[in-house]
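Visitor: Got a structure here, written out as structure tokens. Questions coming.
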Amino acid sequence: MKTMSALGRYALAATLMLTAAVAADTSKNPPAPQTPALTDTDAAIAKAVRHEVLTYPYYSIWDDVGMRIQNGQVQLLGAVSQPFKKHDIENMVKRVKGVEAVDDQLEVLPLSPNDDRLRLQVARAIYGDSAFTRYRFMALPPIHIIVDNGHVKLTGVVLNDFEKQLAGMRASAAGLSFGPVINDLQVENPSKKS
């Protein structure tokens, strides 16, 4: 069995992160009704939108952008750390070929020095751990840290269940978050339960 290169894992992680973000956040957004499978056109739009978001120069581990697409209608979901990012991403998506309309539901996280400090503490705790060395030097590491008024949420994709649990433990021990850390990391290779 061939092993996946680091770049391949990153591409898969980024793809899963953007498309799985919708399912991960049920605390603020109620689960969506079953949507029909993406058409070929919608799949092409999703690929183009994903590319635009991932190549946006200001998209970072402090942001989490997901999307829903149906019949050329794009709904942007998640959170960004700066107000200008919300508008930039919406404008980029509007220019994607085939997009009929954009419903921008991105939340702008509060601009807070305390949240910024907590973001850095959590990032250092996670990416400073030797288990996450392979992610540390990526242009856009796959674990995203969302801090909203002291509440920490982890999103993105990791390789296995151990990494998910370890990231959650490191984030919980990192700083003065208000309440428990919400670990919404997706697992690329979930363990098989007997």
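A short reminder: the numbers here are calculations on the coordinates, not readings from a lab. Nothing here was measured: the structure is a model prediction, and the numbers come from that model. All Cβ positions, even for glycine, are placed from backbone atoms using ideal geometry, and neighbour counts span all protein chains on display.
Visitor: Check each of the trypsin sites (Lys or Arg not before Pro) in segment 98-194 and keep only those in coil by DSSP with at most 12 other C-beta atoms within 10 angstrom; list them in order.
Guide: Hits after loop and neighbour filter: LYS192, LYS193.
Visitor: Rounded to two decimals, what ratio of Rg to Rh does segment 113-187 give with C-alpha atoms and a Kirkwood Rh?
Guide: A ratio of 0.93.
Visitor: 7 Å from Cα along Cα→Cβ at both GLN70 and LYS47: what's the point-to-point distance in nm?
Guide: Modelled inter-label distance: 2.3 nm.
Visitor: I'd like the Karplus ³J(HN,Hα) series for segment 69-79: coefficients 6.51, -1.76, 1.60, θ = phi - 60°, whole numbers in Hz, and an x wherever there's a Gly or Pro.
Guide: Per residue, the Karplus-derived 3J(HN,Hα) values read 9, 8, 6, x, 8, 10, 10, 8, 10, x, 8 Hz.
Visitor: Ok, one more. Just to confirm the filter: which chymotrypsin sites (Phe, Trp or Tyr not before Pro) across segment 39-84 are DSSP coil and have at most 16 other Cβ within 10 angstrom of their Cβ?
Guide: TYR58
Visitor: Quick one: of LYS164/LYS192; LYS47/LYS86; LYS97/LYS164; LYS85/LYS192, which pairs are farther than 27 Å apart, Cα to Cα?
Guide: LYS97/LYS164; LYS85/LYS192
Visitor: Now a separate question. Given the convex hull over the Cα atoms of segment 56-194, what projected area results after averaging over all orientations, in nm²?
Guide: Mean orientational projected area (segment 56-194, Cα hull): 9.9 nm².
Visitor: Okay, moving on. Label segment 75-154 by shape, choosing from rounded, prolate and oblate, from the square roots a ≥ b ≥ c of the eigenvalues of the Cα gyration tensor; if a/c is under 1.5 it is rounded, and otherwise prolate applies when a/b is larger than b/c, oblate when it is not.
Guide: Oblate, because a/c is 1.5 or more while a/b does not exceed b/c.
Visitor: Pop the C-beta distance of ARG124 and GLU90 into the FRET formula with R0 = 30 Å and round what comes out to the nearest 0.05.
Guide: For ARG124 and GLU90, the calculated efficiency is 0.45.
Visitor: Let me ask something additional. Taking loop as defined by DSSP and a crowding limit of 16 other beta carbons within 10 Å, which chymotrypsin sites (Phe, Trp or Tyr not before Pro) in segment 92-181 fit?
Guide: In loop regions of segment 92-181 (DSSP not H, G, I, E or B), the sparsely surrounded chymotrypsin sites (Phe, Trp or Tyr not before Pro) are PHE137, PHE178.
Visitor: So how do VAL74, VAL108, VAL102 line up by other beta-carbon neighbours within 10 Å, fewest first?
Guide: Least to most surrounded, the residues fall as VAL108, VAL102, VAL74.
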